[in-house]
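Comments concern the structure below.
The values are calculated or read from the model by the stated rules, or taken from the named source; none is laboratory data. Not measured: the values here are computed from a predicted model. All Cβ positions, even for glycine, are placed from backbone atoms using ideal geometry, and neighbour counts span all protein chains on display.
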Amino acid sequence: MTFPLEQWFDITKPIPKADADLTEAQMMLYALKDGMDPDCAEAKRQYREMRKAVKEHNEKFSPPEPYSSKASKLRQAKREKEKQK
């Protein structure tokens with residue numbers, strides 16, 4: 001059974017690491033509430049399952065394009081123009 005990401009996250013976009021970290025902490029609190037040790041093997045298996053599902057989900061999205069300032073783009077265009085000469 002795969003981890004139910006839609007119950008914890010907005011699955012229309014990539015899931016940031018900070019959100020996954022907060023979810024893991026929340027899962028630990030639920031484990032304590034249910035009388036389970038948050039460091040037991042079963043709890044750790046669930047955390048790993050969540051992390052794996054997040055990783056697989058995020059791989060479906062293309063990586064963001066790195067930011068380039070307008071000046072940087074102009075310098076790059078100038079270099080390419082000089083190479084063509």
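Using the structure shown, decide if residue 53 is in a helix (DSSP H, G or I) and in contact with a Ser or Thr (Cβ under 8 Å, 6 or more places away or on another chain). So residue 53 fits the description; yes.
When the residues of the stretch 1-50 are filtered to those that are over 12 Å from the mean Cα position of the chain (by Cα) and of a type in the set (Phe, Trp, Tyr), the one that is farthest from residue 61 (Cα to Cα) is 30. Considering each residue of the stretch 56-71, count those that are under 26 Å from residue 16 (Cβ atoms) and either touching a residue at least 40 places away in the same chain (Cβ under 8 Å) or in a helix (DSSP H, G or I) (or both), and give that number. Number satisfying all stated conditions: 5. Counting only residues that are polar (S, T, N, Q) and surrounded by 10 or more Cβ atoms within 10 Å (Cβ to Cβ), which one in the stretch 59-73 is nearest to residue 15 (Cα to Cα)? So the residue we want is 68.
Pairing residues of the stretch 25-45 that are at positive phi and surrounded by 10 or more Cβ atoms within 10 Å (Cβ to Cβ) with residues that are part of a helix (DSSP H, G or I) and of a type in the set (D, E, K, R), at Cβ distances under 6 Å and at least 6 apart in sequence or on separate chains, gives no pairs at all.
Yes or no, residue by residue, for (1) assigned to a helix (DSSP H, G or I); (2) not acidic (Asp, Glu):
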{"position": "3", "(1), (2)": "no, yes"}
{"position": "6", "(1), (2)": "yes, no"}
{"position": "21", "(1), (2)": "yes, no"}
{"position": "25", "(1), (2)": "yes, yes"}
{"position": "28", "(1), (2)": "yes, yes"}
{"position": "31", "(1), (2)": "yes, yes"}
{"position": "35", "(1), (2)": "no, yes"}
{"position": "39", "(1), (2)": "no, no"}
{"position": "42", "(1), (2)": "yes, no"}
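So for the stretch 1-8 (the condition being surrounded by 12 or more Cβ atoms within 10 Å (Cβ to Cβ), on the phi < 0 side of the Ramachandran plot and either modelled with pLDDT of 95 or more or of a type in the set (S, T, N, Q) (or both)), does at least one residue qualify? No, the stretch 1-8 has no match at all. As a summary of the residue check, residue 20 satisfies the conditions (1) surrounded by 10 or more Cβ atoms within 10 Å (Cβ to Cβ); (2) modelled with pLDDT under 95 except for the one numbered (2).
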